[in-house]
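All remarks here apply to the structure that follows.
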Amino acid sequence: QVQLVESGGGLVQAGGSLRLSCAASGTTFGINSMGWYRQAPGNQREWVATRTSGGYRNYADSVKGRFTISRDNVKNTVYLQMNSLKPEDTAVYYCTANYGGRNYWGQGTQVTVSS
């Protein structure tokens, strides 16, 4: 079992920055990858970024060049640095971890970007 707790969301003006954190606890050894998804009101949940245990990082086209995913293996925490935020980035952001063939999810953190 893996437990995930996100933090760092909030309200920011367009062009600003936020850093989201996701702390993993429980059985963290052997987590294959961690990543972020987001869901805006009325929309389906969409993938944002992934970082594998080997360090490979991948991003959705909509955030490429603006968002950076990183991971602190000592703290079992994954981060999402979000720069040049746009109103369309407004959503609930969810952390996810893949372990033992199963995806685990956090409770989500709200990010609101005002124009």
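The values are calculated or read from the model by the stated rules, or taken from the named source; none is laboratory data. The model shown is predicted, which means the values in this text are computed figures rather than measured ones. No Cβ is skipped: glycine too gets one built from the backbone with ideal geometry, and neighbour counts run over all protein chains shown. Please note that ligands, DNA and RNA were not included when accessible areas were found on the heavy atoms of the full protein model with its side chains. Shrake-Rupley method; radii C 1.70, N 1.55, O 1.52, S 1.80 Å.
Observations on the structure shown:
- Here G54 meets the list (1) of a type outside the set (A, V, I, L, M); (2) touching a strand residue (DSSP E or B) at 6+ places or on another chain (Cβ under 7 Å); (3) over 24 Å from L11 (Cα atoms) almost entirely, failing just condition (2).
- One residue stands out in segment 1-32 among those that are polar (S, T, N, Q) and closer than 19 Å to V48 by Cβ: the one that is least open to solvent (accessible area, probe 1.4 Å), namely S21.
- Of residues in segment 88-115 being of a type in the set (S, T, N, Q) and open to solvent by 60 Å² or more (accessible area, probe 1.4 Å), the one farthest from T52 (Cα to Cα): S115
- Restricted to segment 65-87, and to residues there that are over 13 Å from the mean Cα position of the chain (by Cα) and touching a residue at least 40 places away in the same chain (Cβ under 8 Å), the residue that is surrounded by the most Cβ atoms within 10 Å (Cβ to Cβ) is L85.
- S62 being more than 12 Å from the chain's Cα centre (by Cα), farther than 18 Å from W105 by Cα and surrounded by 13 or more Cβ atoms within 10 Å (Cβ to Cβ): yes
- Residue in segment 58-69 that is of a type outside the set (A, V, I, L, M), in contact with a Ser or Thr (Cβ under 7 Å, 6 or more places away or on another chain) and farther than 23 Å from Q1 by Cβ present: yes
- Counted residues, segment 89-103 - those being in contact (Cβ under 8 Å) with a residue 12 or more places away in the chain and farther than 11 Å from I31 by Cβ: 7
- Near pairs, Cβ below 6 angstrom, 6+ apart or cross-chain, from segment 18-40 (under 12 Å from Y99 (Cβ atoms)) to any residue that is small (G, A, S) and part of a loop (DSSP other than H, G, I, E, B): N32/S53
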